[in-house]
1. State, in angstrom, two size descriptors of the chain derived from its alpha carbons: Rg to one decimal place and Dmax to the nearest whole number.
2. Would you mind pulling out the separation of the Cα centroids of segment 134-160 and segment 202-217, in Å?
3. Would you mind getting me the FRET efficiency between Glu116 and Lys47? Use the beta-carbon distance for r and R0 = 45 Å, nearest 0.05.
4. Modelling each spin label as a point 7 Å along the Cα-to-Cβ direction, I'd like the Glu95/Glu211 distance in nm, to one decimal.
5. Taking segment 47-122 as the region of interest, what is the percent of Cα-Cα pairs per 10 angstrom bin, listed from the shortest bin to the one with the maximum distance?
6. What residues have an amide H closer than 5 Å to that of Val189, excluding those fewer than 5 places away on the same chain, when H is modeled at 1.01 Å from N in the peptide plane?
7. Starting from the eigenvalues of the Cα gyration tensor, five times each then square-rooted, give me the equivalent ellipsoid semi-axes of segment 166-213, largest first, whole Å.
8. Among DSSP beta bridges lying fully in segment 45-222, give the percent that are antiparallel, nearest 5.
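Since every read-out is calculated from the coordinates, none of them should be taken as a lab result. Keep in mind that this is a model prediction, so the values were computed, not measured. So basically every Cβ, Gly included, is an ideal-geometry build from the backbone, and we count neighbours across all protein chains shown.
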Amino acid sequence: MISFKEFLKHFLSIFFTYRCHVCKNSCDFGVVLCGDCKEKLRKAVHKPELVQDTIGNFNIYTMSSYDDFTSDIVKIIKYRPSKRLAKILAEICAEKADLKNFLQADDVIIPVPMHEKRLEERGFNQAWVLAEIYAERVGCHFSPAIVRSRFTKPQASCSESERTTNLDNAFCLNPDIIKTAFKGKRLIVVDDVATTGTTLQKSIEPLKELEAREIIALVVSHSYKKYRA
Ligand SMILES: [Zn+2]
């Protein structure tokens with residue numbers, strides 16, 4: 001006997017063709033990433049590796065190589081936008097990058113925040129989706145400890161000179177956090193991608209007063225061309 005869910009699936013597939021968000025091949029009802037693309041993504045994700053940090057005094061770790069398949073996925077998540085694809089990416093990263101080994105139970109995972117105005121346009125913050133799923137899979141803390149204090153232009157649409165000042169004072173500590181709870185802990189700031197590293201650098205600034213043991217950044221993809229030796 002076919003379930004109602006199965007019936008609905010067949011019924012809807014008569015009228016709609018579902019396509020993989022990446023390669024556009026037709027897929028089963030409700031599938032956003034086909035089997036081939038999922039496999040390709042799984043192959044592209046590796047354990048976190050240190051990225052050469054050109055401007056900040058903190059370490060950035062990436063889970064895929066420069067300009068890899070993951071960069072395309074990150075762009076599709078952002079510009080389509082697709083929260084479901086963000087969740088799939090987060091699950092694959094947590095598993096393939098072996099985050100259970102990289103992170104510790106006492107670590108605090110903090111997403112790079114998105115301004116309310118942009119959140120309304122897009123419907124979700126991809127950094128939040130990634131951070132929340134990593135924390136769930138690893139069993140460590142999740143905290144929206146940083147918030148946006150003002151609206152800014154997207155870094156991607158800034159000129160070279162604008163990029164360095166566009167995010168000045170754009171982040172602050174979330175007034176709802178208990179500051180002492182962060183003392184001595186390792187803070188992991190999560191974003192989808194690091195390009196120049198400015199967004200990470202500026203978002204990490206307000207965390208410095210929390211007296212954490214260490215602050216690092218963890219991204220899916222990056223645009224730095226060299227790895228630190
Ligand atoms: Zn595909």
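1. Reported Rg and Dmax, both Å: 18.7, 64.
2. First find each Cα centre; the distance between them is then 13 Å.
3. Details: r = 35 Å, r/R0 = 0.78.
Once rounded, the FRET efficiency stands at 0.80.
4. Computed distance between label sites Glu95 and Glu211 equals 4.2 nm.
5. Whole-percent P(r) values from 0 Å outward: 15, 41, 38, 6.
6. So Val189 has HN proximity to Ile110, Ile216, Ala217, Leu218.
7. Details: eigenvalues 85, 33, 15 Å².
Taking √(5λ) for each eigenvalue gives 21, 13, 9 Å, largest first.
8. On the way: 6 of 24 bridges.
Counting DSSP beta bridges with both partners in segment 45-222, the antiparallel share is about 25 percent.
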